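Below is one structure, written out as structure tokens; the observations come after it.
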Amino acid sequence: MASKLPLFSAIISLATGALLFSLFVFFTPKRQFIGSSKFDESCAILIVDESEDDSVIQNKLLSGGVDDFISESSQLVPIDDFGVLKFIPLDSFYSKIESFDPRDDGYAVKLSSFFVNNGKRFFFRLAENSSSRQADTEKRLDAILEGTPFSFLVLARSVPVSLYYLLLAAGCAFALFFSSNRRLFVFQLPLLLATGQAGFFSLVLTATLTGIWELLREPLLELFASRRYDRKVLDYAGPGLRGINERLRPFRLNLLLALFFLAFLLASSFVGFLNPLLLLAVCAGFVFLYFLSFKTEKERMKTYRHMQFTPVLLLPHKAKTFSFSPLLLPFGLLAISALFLPSGFDGPSRGPSPIDSGFFISSEDYDRHIAFQKSFSFMPLNMDNSEQEALINKDYLRYYLGEDGLIAGNDAYAVSEDEAPPFPLEKLMDFLVKYNKLVTGESAGFEKQSGKPAVTTLKEWISVAFIFAFCLLDIFRPRIVPKKKIPVIGDKRIAA
């Protein structure tokens with residue numbers, strides 16, 4: 001059985017990696033998994049028939065715990081109300097404003113047409129680095145909108161995931177080459193490679209798990225050294241918890257850093273890098289394969305009746321019990337290169353968005369509407385558009401009196417003291433415009449774009465800095481640092 005255990009363990013390791021890969025695919029929504037891509041920014045679109053009541057759908061979503069869809073009922077239209085701006089809900093605009101009201105400049109109709117057109121009613125939601133969030137929503141919609149026909153799709157900005165697999169494979173190859181114990185580390189490779197579906201975070205996740213593996217390698221070897229032959233040996237540290245504590249004394253820094261790495265993984269999952277259930281599965285598989293590798297190594301040593309020499313660390317000397325550099329350095333370099341991978345947009349059948357670009361609204365449309373409403377109280381009625389533009393751009397003067405009660409001068413008069421809110425749909429429109437341009441090549445009618453890099457955000461840079469910080473810490477940490485100088489004749493360290 002012992003001779004067959006390494007092969008059996010290798011099969012289990014591969015099966016664990018395959019199972020984890022299946023979990024990543026399962027927890028990635030099929031509508032987002034088009035084009036084998038990793039998702040950096042996405043727009044979920046819920047579509048129902050235009051006859052459905054917008055507010056009723058929104059109430060159902062709210063009661064189901066989904067509270068961030070943008071729709072007709074969530075929009076407010078600012079209009080002039082005797083010198084101040086008044087905000088009227090879009091879905092009830094014409095129940096409060098007459099169709100012949102001169103304050104109606106057509107903006108409300110255009111805004112409403114964006115959400116309701118071609119017999120369909122649209123609900124939108126933007127998300128960044130949250131593919132699992134969109135997947136959870138898709139699974140819950142069937143129960144939330146039971147009895148209401150709907151369709152749901154996700155337009156996603158992406159980087160081809162195959163490139164991440166290549167980078168991940170290169171990182172794992174370098175880690176195996178620089179590993180202090182390749183026979184133990186090789187069992188982790190299928191699990192590490194299975195995380196490629198996580199995109200950029202797969203590099204960070206793999207680097208962090210590799211760091212934890214390196215930190216725990218010598219402490220675990222120390223704990224299990226006396227059990228490799230399944231026989232009692234003289235235990236220098238003593239029995240029980242006190243003995244365990246004594247054995248781990250030289251490795252306290254290792255354990256502290258391993259906890260810090262684990263906290264970093266949890267924080268990364270919290271900010272949306274990875275589904276918490278997937279992270280739990282990865283950590284469980286990591287621990288399982290870690291102990292499987294120890295079991296296999298133990299049986300191998302029993303078969304060949306040879307145990308690798310493991311020196312006992314003599315206190316008060318502090319020895320280097322782990323090495324991050326060059327083990328983690330390739331992951332840091334590969335993560336930086338991943339920040340500049342070419343990106344594009346993926347969507348259903350790589351076709352255009354389900355809403356025609358002719359219904360899009362630009363921030364210029366909104367700005368013109370606000371300027372018109374702020375100037376309305378100062379305009380005569382029945383003016384054509386050119387005259388309105390001239391008055392909107394004209395400065396009004398306000399006269400003030402001097403001490404003698406006569407007009408002493410004038411100063412500029414602001415049309416409205418109210419500060420209008422910024423265009424509420426700017427991010428959504430920006431995404432839809434870029435989606436149409438980069439996927440289909442269509443002209444969206446206006447050119448304003450945010451110019452945000454394809455993948456690079458603050459979270460990504462922090463993750464890269466995290467990897468390099470520990471590599472640098474490792475470089476500047478000397479191999480042996482005695483607490484005090486000991487004469488050579490009194491040095492009891494073993495030369496091996």
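Taking other Cβ atoms within 10 Å as a rough exposure proxy, S337, S268 sort from fewest to most as S337, S268. Shown in residue order for the range 354-359 are the 3J(HN,Hα) couplings computed by the Karplus curve 6.51 cos²θ - 1.76 cosθ + 1.60 at θ = phi - 60°: x, 10, 5, 5, x, 8 Hz (x for Gly and Pro).
Only the coordinates and a few stated rules stand behind these numbers; no lab work does. Predicted model, so just to flag it, every value in this text is computed and none were measured. Here the Cβ is made from the backbone with ideal geometry for all residues, glycine too, and neighbour counts use every protein chain on show.
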